[in-house]
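The values are calculated or read from the model by the stated rules, or taken from the named source; none is laboratory data. Values in this document were obtained by computation on a predicted structure and should not be read as measured data. Note that each Cβ is placed from the backbone with ideal geometry, even for glycine, and that neighbours are counted across all protein chains shown. Quick note on the areas: whole protein, heavy atoms, side chains included, nothing else; ligands and nucleic acids left out. Shrake-Rupley method; radii C 1.70, N 1.55, O 1.52, S 1.80 Å.
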Amino acid sequence: MSSQSKRIVHYSFGDPAEVLRVEDGHADQALRPGEARVRVNRSIIHPGDLQLVEARYADPSQPLPDGRVPGLEAAGTIVEAHDDALTGTDLRIGSRVAFFAPGAWQTVATVPAAALIPLPDELPDIVGTQVLINTIIARHVLRKAINGLDQAPGPILQTGASSAVGRIISVLARREGIETIRLVRSAESAGTLAERIPGGTVIATESDGWKLQVREIAGNELSTVLDGVGGPLTYDLSDLLARRGRLISYGVLSNAPSDLKLFVPKDLSLAGVSLGTWRDDTSVADLAQDFQTALDLGLTEPELFSGAQEFQLSELGVAIEAVTAPGKTGNIILDF
């Protein structure tokens, strides 16, 4: 197994296209208590995975003498487990699983058994590797938006609505009876999104008068924005928000600075939602429901995960470019 094992690794932080490499893996270390070994079949490249390689939110000078394997989500098959690691679970050697744990971009990954989620037979690996993290983020964002409210808010404005997380937010909001106004960049993206994911008006920010359209729908009472873009768009979003409105940020797809000058005079609030604080911020019941919802969406809302592009390890550079390619309509998957 170890002779065939490969891993994607970087020994310094920086541009993913420059620092990531494919090398022989190390799948023969002894398992520790609570660990299992998974033969990875598919792994998704999240934009956040590449941001971590860039050290966008950390010190890029920190050393990586042993190398770091990126990736947080994959689907595969359990091939080994420490004694009793699978006791009390429905898992066994040979079970198909998805997992959310560091070091996913390798042929054979050592994973805490507690991170393994059994995949239904009807859910193929290419979907199984897409369902967990994006659904978790979407539910985490919506909880932040509605927790503590006596009733569902009025229309919620979404940015990046054609992104993987944005599409899931739209579906989950629809299930909760929450109206969404969905922003995308282009008219082409707007048409595609409206066709693939019904529910909620879709508006292209490249069109003249897009802010007027938002105001007409929200009735100048827009209280909540869910933003995964940041950058220059932040000023427009704060202009659209009603006084004491909230902007909930869950991503910064834009590398440009955000303009917050309207936050003070309008008494706006800015809240961040991070995957890193998800476990600490979420009840045990909601944690379990997040995973169950992810599997349910994979089975009942296949259009959320359609259009994925698969790449071999030999095509890593092309796959990295595809993550941020204009007009991308599906997730980017590594085929191990």
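Key figures
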item	result
GNM result for the chain, Cα springs below 10 Å: residue of Lys261, Lys144, Lys211 fluctuating most strongly	Lys261
Efficiency of FRET from Cβ geometry, Ser306 and Leu212, R₀ 41 Å, rounded to 0.05	0.80
Point-charge dipole on Cβ atoms (K/R +1, D/E -1) for the chain, about Cα centre, debye to 20	560 debye
Percent antiparallel among DSSP beta bridges (both partners in the chain, rounded to 5)	60 percent
Debye intensity ratio in log₁₀ form over the Cα atoms of region 242-336, taken at each q of 0.22 Å⁻¹	-1.13
In region 184-225, the GluC sites (Glu not before Pro) that fall in loop regions by DSSP, at most 13 other Cβ within 10 Å	Glu206, Glu221
Inter-site label distance for Asp267 and Leu313 at 7 Å from Cα along Cβ, in nm	5.8 nm
Distance (nanometres) between label positions extended 7 Å along Cα→Cβ at Ala325 and Thr201	3.3 nm
Inter-site label distance for Ser274 and Ala187 at 7 Å from Cα along Cβ, in nm	4.1 nm
Anchor Lys266: lysines whose Cα lies under 29 Å away (excluding residues fewer than 8 positions away in-chain)	Lys144, Lys211
Angstrom value of the Kirkwood radius, inverse mean 1/r, which spans all Cα pairs in region 170-292	15.9 Å
For region 10-122, the fraction of alpha-carbon pairs in successive 10 Å shells from zero, as %	14, 42, 29, 13, 1
Semi-axes of the equivalent ellipsoid for the chain, Cα gyration tensor, largest first, Å	36, 22, 19
For region 293-336, radius of gyration divided by Kirkwood radius, i.e. Rg to Rh on alpha-carbons	1.06
Under 12 Å from Lys328, Cα to Cα: aspartates and glutamates that are on another chain or at least 8 residues apart	Glu188
Sum of -39500 (n - 2.57) over DSSP H runs of 4+, divided by residues of the chain (222 nm, nearest 500)	-8500 deg cm²/dmol
FRET efficiency for Asn220 and Asp66, using Cβ-Cβ distance with R0 set to 56 Å, rounded to 0.05	0.50
Å² of accessible area per residue within region 1-88, as computed with a 1.4 Å probe and no ligands counted	51 Å²
